[in-house]
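Here the structure is laid out as structure tokens; the discussion comes afterwards.
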Amino acid sequence: MSDLSKLCIHSITTKPWGLREAVGKYASAGVSGISVWQDAVAAQGEGHKATGDMIRDEGVDVACYVRGGFFTALGGADRQKAIDENKRIIDEAAVLGAPLVVLVCGATPGQSLFESRKQITEGISASLEHASAVGIKLGIEPLHPMYADSRSAVNTMTQANAICDEIGHANLGITVDVFHTWWDDRLEAEIKIAGQKNRIFSFHICDWKNLPEDMLNDRGLMGEGVIDVSGIRKWVREAGFSGYEEVEIFSNRYWAMDQDEYLAKIKEAYFEIK
Ligand code: ZN
């Protein structure tokens, strides 16, 4: 069963709403948390401190700041630029009052995924002390392999666990997203391992529609597609994760509809996860 105390929504899920409007609507609907995307803060135009305060004043918790990463590049100067950019994002998260930055780790055409993962490990290592100093955790989010061309060379929980093992820092963990990981026959085992090592930092939910019309912007609501959201949530909870269940949906279809009706549908779909 679900109750609203763990329900968190990503600001991008209801993209047509500005951040202030979204937070007000979430608060009225009893939603407990929000994961805040950088572009939403920028559009709000009030800076990270005031935006964080506005969210907390509405009684909504800032679960996460989205997103850092993109550590890979063909040249060393560009990789250093990425590290500097991540430190800036980490600072923004701290000012916003978010405990966590999710990492979409990056991949660069023209070099192997092995090389990209090596650069990702180096980039995360170089950013971690800074994150730790300002009290921010970093969550590696493995992305579905269809994004291995240019978004992330980290495509499985196994790879994410391996990077966490190699770096070995308490502020580094994993963001499990059902959309990216549902197909993996290692998923249950790797969630268990991540749980034992206290590194499941956040959990994203939505659904994979049977034959999506768009590989980026046609995600489904929970229950609308082929993912066993309930089963994966059970594994994550059994692994010791008790944090927010974050609804993260990019959907041209849902962005086009009345967002109040959509929010009601999100809650309904969330309650229907058994
Ligand atoms: Zn996600």
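The values are calculated or read from the model by the stated rules, or taken from the named source; none is laboratory data. Nothing here was measured: the structure is a model prediction, and the numbers come from that model. Positions of Cβ are generated from backbone atoms using ideal geometry, with glycine treated the same way; all protein chains shown enter the neighbour counts. Remember, those area values only see protein heavy atoms, side chains included, never the ligands or the DNA or RNA. Shrake-Rupley method; radii C 1.70, N 1.55, O 1.52, S 1.80 Å.
Observations, loosely collected:
- Area accessible to solvent at K192, 1.4 Å probe radius, in Å²: 120 Å²
- Once divided by 2.2 N^0.38 Å, the Cα radius of gyration of segment 7-272 becomes 0.95.
- Taking each of K81/K197; K15/K265; K6/K49; K197/K274; K6/K209 in turn, the alpha-carbon distance tops 22 angstrom for K81/K197; K6/K49; K197/K274; K6/K209.
- In a DSSP loop and with at most 15 other Cβ atoms within 10 Å, the trypsin sites (Lys or Arg not before Pro) in segment 82-187 are R186.
- Two-site label geometry, D84 and N217: point separation in nm, points 7 Å out along Cα→Cβ: 3.2 nm
- Here the Kirkwood formula puts the hydrodynamic radius of segment 1-131 at 15.7 Å, using every distinct Cα pair.
- Cα-projected label distance for N252 with N210, points at 7 Å along beta-carbon direction, nm: 2.3 nm
- Dividing the summed helix terms, -39500 (n - 2.57) for each DSSP H run of n ≥ 4, by the number of residues in the chain produces a 222 nm estimate of -13500 deg cm²/dmol to the nearest 500.
- Scoring 164-172, 244-252, 57-65, 89-97 by mean Cβ neighbours within 10 Å over their residues and listing the highest first yields 244-252, 89-97, 57-65, 164-172.
- Note that the chain presents 41 Å² accessible area per residue, ligands and nucleic acids not counted, probe 1.4 Å.
- Projected label distance in nm at D3 and D91, using a 7 Å step from Cα toward the beta-carbon: 4.1 nm
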